[in-house]
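First up is the structure itself, then whatever we jot down about it.
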Amino acid sequence: MLCVALSMGACAQPFASAAAGSDPAMQTDDAALYAASDIGQLLETVEVDATRLGGPSVSASGSSQYTVTQQDIVNLPEGENSELSDVLAQMPGVSIDQNQQIHIRDTEGPQFQYQIDGILVPLDINTNPPFLSMINPMFVSKLNLLTGVLPSRYSYATGGVVDIETKQGCGATQGDFTVFAGQRDTIQPSVEYSGCDGQLSYYLSGLYGHSNMAFSSATPGPTPDHDLSNSGQVFGMFSLPLSDVIKFSLIASAAASDNQLPNRPDLAPEYALAGTASPSSQDINSYLNFRDALAIAALNGAPSDQLSWQLAYSFHTIVQAFRPDSAGELIYEGVASTATHQDFDDTLEADLSYNRGAHTVTTGFYAADYDAHIEDDSLVFPVDASGAQTADIPIAIASNAQALNRLYGVYLDDLWKIDARLSANFGVRWDKVTGFTSGTQVDPTANLSFQLSPDTTLHGGLARYFQVPLFQGISPTAPAAFAGTSAAGPAGAVSPLTEDDVEWDVGLVQRVTPGITLSEDNYYEKTHHYLDTGQFGVVPIFAPFNYQTGYLWGSEFAATYRRPHLSAYANVTLGVNRQQGIATGQFNFDPAELAFIDNHYITLDHQPLVGMSSGLTADWRSYRFSIDGIFSSGLRAGFADQQQLPDVFQVNVSAERDFIVPGIGTMIERLTLVNALDKINLIRPAEGIGIFQAAYGPRF
């Protein structure tokens, strides 16, 4: 795809080059910083400029950490117009799936969580793709990806933590307006404004997007068919000191999108519908729409150098609405479901940190209500015992459910600075969930980090994790409701279970020179009731289910190079996720596949064996040139994921120049080529229509 971005701002920054700054191979010696970045108590505004180093490092708690700065995002070929998934895909351990879905360290999409300015975001905001419209790189000041053995503060979705620091208003009043436009009917105007009013700091942004690329294309051709998207997103960040030691902050965000589901031509009809001629599969007219809103209010206090605290309340609501082409989906799939899944969330979290000598002790709690409402009204055909259609007049099936899902958790954590080079992090937490599923668990965590030399840091640890399913995807009444119809599936457990994992992690970060940093990290995880997602019928809303037992392992290598006017990075990831037996959600599988998985370990379909990403940015006078690329050895597909899909390879390039416009500021013009080599990348194979159809990467 070819795109042009034109950006103008009253105080837009000219090109800035990354230079040597803090040592990324070293963990911090400041326990207060640990409380701010790892525990999430951001008591003061953190200013990040373009010269700060990103890349691999070790967090204060000993977790693996990979940092992306605002300048790193600007350096990408699409800059701040990139999707958040494209930013994350340039990090080690991250793979990208159809429809911009992200997987971190072999986990399914819901098994990681987001944190904004030290506050945990409600779990169901992780749903792909609407999260991509709720959070965008435009308002990111810095982003840390934490993986491995996490501090005991984190639970419920522990495949990783995407820790976002937002842009602030005070210190650099700025207004920017950007128009991003290109092929596939792409047009995306956006605006940012930030500043101070007395002690009130504020940042505001908004965008509107229109394109013919709502979801991954169902065909290999350059232009998707029936893939229109209209979306909008607004974000606001406000902070105000209430006293010398207390700060109030408010985050508000909302997003909406209406999206056509792309089509494949020349499919053969599967069912007969009375009084209706079979339409072309190319003309099926289905939609998947989203509405998402989030508000977070927080108080942060630091009454002394030793004591700090945070109290935050979040409200979130999300609505996923699938609107089918009833005739077309009945004829081609035997079921047409009008589905509305919505969740209303209230969460309260608190953290208290006390530093005395070599120890920083932190404790806190998390309490949340996730009120999920499932409304599915479907048309199906009656069938006989063999599954053959017995009538061409559809019957109506209602499958509705509601549950108030409650999460409770408390934790205690100690960061122990044993000496100048050795640190230990020990913690324990207790969690409980009730609602669509129930479970309780006590989880210990232990991590060590050791500075072998001023340029070398070793780290390793062990943790037990408790993970919960995605609540708004659960539909416990569906299997019984569809029995004896064209949408029937095998019998089985309808409610998912909580997941119980034990993870080992060990790694090394090495600063070779002031501009070159290398890291290598390895992990192994034993899983019990591993959570994955599937779909009941053709409704493209993910429903959780469990495997019985399994394991996953991976190895990640990362390298960064940063000098004035030139920066580069490269990441290589190896990983395997193997599971055996289906414990819940058996209706997602046909009987033969179900029997095979119950007796064999299979490799799951959302992580390639080999993944690579790399990029380079060079400045020359008033010009900047950027290139990045991703490689995947291909996902799995077919019967019990026994088929290996082809390699995926995509290169994006851009060139830009800045101009000084008298009386206005800086104008930047950027030309971007997405998939500049125009390679046809098959991400998912063709199996039907809707969510089951093929998925291809973008074309030039």
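The values are calculated or read from the model by the stated rules, or taken from the named source; none is laboratory data. All figures in this text were calculated on a predicted structure; none of them were measured in a lab. Backbone-built Cβ (ideal geometry, glycine too); neighbour counts: all protein chains shown. When the accessible area is computed, the model is the full protein with side chains, heavy atoms only, and any ligands, DNA or RNA have been set aside. Shrake-Rupley method; radii C 1.70, N 1.55, O 1.52, S 1.80 Å.
Residue count for the stretch 418-442, restricted to those that are over 19 Å from Pro496 (Cβ atoms) and under 25 Å from the mean Cα position of the chain (by Cα): 1. Considering only residues that are polar (S, T, N, Q), part of a loop (DSSP other than H, G, I, E, B) and over 26 Å from the mean Cα position of the chain (by Cα), which ones fall in the stretch 455-496? Residues satisfying the conditions are Thr477, Ser486. The residue that is farthest from Tyr154 (Cα to Cα), counting only those in the stretch 339-360 that are open to solvent by 40 Å² or more (accessible area, probe 1.4 Å) and of a type in the set (D, E, K, R), is Arg356.
Okay, residues lined up against (1) in contact with a Gly (Cβ under 9 Å, 6 or more places away or on another chain); (2) more than 19 Å from Phe436 (Cβ to Cβ); (3) surrounded by fewer than 16 Cβ atoms within 10 Å (Cβ to Cβ):
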{"residue": "Thr485", "(1), (2), (3)": "yes, yes, no"}
{"residue": "Pro496", "(1), (2), (3)": "yes, no, no"}
{"residue": "Val506", "(1), (2), (3)": "yes, yes, no"}
{"residue": "Thr513", "(1), (2), (3)": "no, yes, yes"}
{"residue": "Ile516", "(1), (2), (3)": "no, yes, yes"}
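Annotation note: Cβ proximity below 7 Å between a residue of the stretch 586-599 that is under 9 Å from Phe639 (Cβ atoms) and a residue that is open to solvent by less than 50 Å² (accessible area, probe 1.4 Å) (sequence gap 6+ or interchain) occurs for Glu593/Ala640; Phe596/Ala640. For the stretch 626-644, the set of residues classified as surrounded by 15 or more Cβ atoms within 10 Å (Cβ to Cβ), assigned to a strand (DSSP E or B) and either under 22 Å from the mean Cα position of the chain (by Cα) or not β-branched (Val, Ile, Thr) (or both) consists of Ser626, Asp628, Gly629, Ile630, Phe631, Ser632, Arg636, Ala637, Gln644, listed by residue number.
Of all the residues in the stretch 297-315, those that are modelled with pLDDT under 95 and in contact with a helix residue (DSSP H, G or I) (Cβ under 8 Å, 6 or more places away or on another chain) number 1. Taking (1) at pLDDT below 95; (2) crowded, with 17+ Cβ neighbours inside 10 Å in turn, Gly611 satisfies each apart from (1). Scanning the stretch 179-220 for residues that are among the hydroxyl-bearing types (Ser, Thr, Tyr), in a strand (DSSP E or B) and out of contact with any helix residue (DSSP H, G or I) (no Cβ under 7 Å at 6 or more places or on another chain), we see that the one that is farthest from Asn263 (Cα to Cα) is Ser201. Looking across the stretch 93-111 at every residue that is at pLDDT below 90 and touching a helix residue (DSSP H, G or I) at 6+ places or on another chain (Cβ under 7 Å), the one that is surrounded by the fewest Cβ atoms within 10 Å (Cβ to Cβ) is identified as Gln100. Taken over the stretch 645-661, the residue count meeting the criterion of being open to solvent by 30 Å² or more (accessible area, probe 1.4 Å) and under 20 Å from Arg699 (Cβ atoms) is 4. Considering only residues in the stretch 166-221 that are touching a residue at least 24 places away in the same chain (Cβ under 8 Å) and among the acidic types (Asp, Glu), the one that is farthest from Gln233 (Cα to Cα) turns out to be Asp185.
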